[in-house]
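Since the structure comes first, as structure tokens, the remarks are kept for the end.
A short reminder: the numbers here are calculations on the coordinates, not readings from a lab. From a predicted model like this one, the values you see are computed outputs, not experimental measurements. For neighbour counting, all protein chains shown are included, and Cβ atoms are generated from backbone atoms with ideal geometry for every residue, glycine included.
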Amino acid sequence: DTASTASTPLKRSVSADAIRSGPPPIAADDEPVETAEEATVDVGLLEAAKDKDVAGTGRRLQPSCPKGFVDCRNGLAYGNVNPTKTCFQACKDGKECCAGTDACTNTTACIEKDKKKPNCVGTKACYKVGFDSTSQPNISGGSCTDDSACEGFASNGGEVGSINESCKGAYACYLLAEDGGSVGSISKSCIGIRACDFLALGGGNVTSISKSCTDGYACDFLAGIGGNVGSIEASCIDEFACVNLARDNGEVGDICNSCRDKNCCEALCEANNPSTLPPGYTACATTVPLLNFCLPASAKNVTSCTSKSTKSPKSAKVGKSMKSF
């Protein structure tokens with residue numbers, strides 16, 4: 001079950017002093033602009049174009065989306081005899097995807113049609129995804145479900161690859177990678193109210209996210225405002241676990257099996273402040289990964305995120321019972 005909220009959408013332009021608690025009001029006319037095997041096909045914009053195939057970006061979209069997907073371009077189903085057919089209509093009037101007021105209005109994405117696990121479900125669920133951008137992300141596996149779950153996702157110059165079984169909950173991926181941000185594949189992640197809202201917003205970068213950010217505000221503003229983070233896997237699973245991590249031009253490497261004990265990674269390396277680092281870490285940098293860091297006492301260590309769990313603590317950067325720093 002996904003979470004829901006009646007809170008007011010956040011503003012598209014967010015200052016570096018913004019705080020996570022309590023969504024600020026938004027003006028009525030302010031429109032927001034995994035592992036490899038789990039990721040679906042990454043679809044983006046390709047060669048330059050001079051015709052009406054352009055969706056407000058100045059580049060030609062992928063020739064076609066995968067079979068079983070709606071090729072949604074600026075809210076219209078591309079390639080139909082009827083040039084005004086909307087993505088909602090192509091989804092059999094919302095039965096297979098794009099269900100809800102403005103769910104796929106001004107949306108540019110490849111959206112999987114699936115009656116059992118529909119994508120883009122809720123008021124403004126995928127509103128302006130890929131708008132004015134160089135990205136046409138794949139959305140599949142019942143992703144972007146609940147009000148504004150993916151609103152403004154990868155818009156205004158942002159880029160996102162594939163989304164699978166992710167972004168579930170009100171504002172779960174709201175403005176993710178908006179305004180020049182970049183995120184690779186997202187799989188089984190960003191689940192909960194505002195779980196990944198503002199992630200990589202404002203020129204931030206995250207390599208990929210898999211089985212992570214699975215509670216309310218878990219990865220809120222992670223890598224926002226120019227932050228840079230590697231792959232996140234099996235991490236940041238508690239409420240506020242990684243909120244503001246590497247925000248404001250901060251840097252953190254791959255995050256593997258870490259930040260699983262409440263909010264112990266909150267604001268880690270924000271603005272590259274080394275005072276936020278735990279013992280044993282000397283710098284905030286993309287070359288410095290987090291492995292088995294900040295785990296509850298009952299958790300197991302892993303040698304890597306592609307290996308099975310092991311009870312040996314030798315692979316841990318920091319003791320597995322480490323809860324604060």
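What the table shows:
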{"item": "Three-way shape label, the range 77-145, alpha-carbon gyration tensor, a/c 1.5", "result": "rounded"}
{"item": "Formal net charge of residues neighbouring K115 (Cβ-Cβ distance under 13 Å; K, R +1; D, E -1)", "result": "+1"}
{"item": "Amide H within-cut-off set for N205, under 5 Å, with H built and near neighbours excluded", "result": "S182, G227, N228, V229"}
{"item": "Relative contact order, percent, the range 259-301 [alpha-carbon distance under 8 Å, six or more residues apart]", "result": "44 percent"}
{"item": "Relative packing of 78-90, 179-191, 265-277, which averages over residues the other C-beta atoms within 10 Å, highest first", "result": "179-191, 265-277, 78-90"}
{"item": "Exceeding the 29 Å Cα-Cα cut-off - candidates K95/K262; K116/K262; K67/K211; K85/K124", "result": "K95/K262; K116/K262"}
{"item": "Ordering of 114-122, 208-216, 220-228, 143-151 by packing [mean C-beta count within 10 Å, highest first]", "result": "143-151, 220-228, 208-216, 114-122"}
{"item": "By average C-beta atoms within 10 angstrom, highest first, the peptides 250-262, 153-165, 282-294", "result": "153-165, 250-262, 282-294"}
{"item": "Net charge, A77 excluded, C-beta distance under 10 Å - Lys, Arg +1, Asp, Glu -1", "result": "+1"}
